[in-house]
1. Hey, can you tell me all the residues within segment 157-208 that are in a helix (DSSP H, G or I), touching a helix residue (DSSP H, G or I) at 6+ places or on another chain (Cβ under 7 Å) and farther than 25 Å from residue 112 by Cα?
2. Scan segment 117-134 and give yes if some residue there is at pLDDT 95 or above, under 26 Å from residue 238 (Cβ atoms) and surrounded by fewer than 20 Cβ atoms within 10 Å (Cβ to Cβ), otherwise no.
3. Any chance you could count how many residues in segment 93-110 are closer than 21 Å to residue 49 by Cβ, without any contact (Cβ under 8 Å) to a residue 60 or more places away in the chain and under 16 Å from the mean Cα position of the chain (by Cα)?
4. For the list (1) more than 20 Å from residue 166 (Cα to Cα); (2) assigned to a helix (DSSP H, G or I), I need the number of the one condition that residue 226 fails.
5. Specify which of the listed residues (6, 87, 23, 111) is at pLDDT below 85 and within 24 Å of residue 148 (Cα to Cα).
6. Among (1) in contact with a strand residue (DSSP E or B) (Cβ under 9 Å, 6 or more places away or on another chain); (2) under 17 Å from residue 167 (Cβ atoms), there is one condition residue 233 misses while meeting the rest; what is its number?
7. Can you pull out every residue in segment 238-254 that is farther than 17 Å from residue 156 by Cβ and either exposed (fewer than 15 other Cβ atoms within 10 Å of the Cβ) or in contact (Cβ under 8 Å) with a residue 24 or more places away in the chain (or both)?
8. Which numbered condition trips up residue 262, out of (1) modelled with pLDDT under 90; (2) part of a loop (DSSP other than H, G, I, E, B); (3) under 28 Å from residue 181 (Cα atoms)?
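The values are calculated or read from the model by the stated rules, or taken from the named source; none is laboratory data. Model, not experiment: these values are computed from the prediction. Heads up, the Cβs are rebuilt from the backbone with ideal geometry, glycines too, and the neighbour counts pull from every protein chain shown.
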């Protein structure tokens, strides 16, 4: 019985529902005269490529090939992250029933691992968190999370999965620390009578004061999807070790606390420890509990006879399942909204 229960499809649903309609970020070259045109040109070709990729009347593999061609035509562009991420989603998550193409996570695995290897997460940082799953700000750690999920669930490669999850955690830690420093150091908004009214300036100052206070207290807004990704990374790290008795959970979670101390991920890990300790105390010793080596010999995995598991432990599992269901409903609602928005465009 797993003390931290979250299905791999849940990890995907938490952060990818609605990813089909990506809004490209703009970047400028070093030439002042060419920067505006570069932004316009890149916005156009990325938007056009994504629009064609969303044409469900076209075979999925044809759409994937089209995105590959666009990427090849713009070598070195940071915008390619958006297109390559979309390729991974089409291959690993898109169910093209019309053309008999089912999602295959093993096809998307090299795409997501390539993203982690070739793109710099820091290049997509924004001071304000994105409020949609379409922000490229967190695509690199998302790709690491999805690749880790496949490594664990399809290939039983927990070691490589944890390497990917550590990359995701370090990226998220960098963003959290960078945003906190930026919010603390941000200057007080100056009043500009040309662009704003006194009331608007007062509101801007109020937001600035609130953010500064929150940042100084160690609270930084990572956005709804940033928070969901952090929670999924922590749980997926636990799953990479295979089934766990509640008594084994604290040691795994302490690894995360050591890796990314004083971050929201460390707080999430502490929450898992508290739940596991409560379940361990309530679980009666059973002669039916034995230990066997894990399939890859990484650590011992307990085998727990379900009929001897306590009610408190079942409560722990049920609460985790309920939380997963709620997150799935939220992700589904956001996905529907984004799909409607895409059809209107």
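1. 180, 183, 184
2. yes
3. Number of matching residues: 1.
4. (1)
5. Exactly one residue qualifies, and that residue is 6.
6. Only one criterion in (1) in contact with a strand residue (DSSP E or B) (Cβ under 9 Å, 6 or more places away or on another chain); (2) under 17 Å from residue 167 (Cβ atoms) is unmet by residue 233, namely (1).
7. 245, 246, 247, 248, 249, 250, 251, 254
8. With (1) modelled with pLDDT under 90; (2) part of a loop (DSSP other than H, G, I, E, B); (3) under 28 Å from residue 181 (Cα atoms) applied to residue 262, the lone miss is (1).
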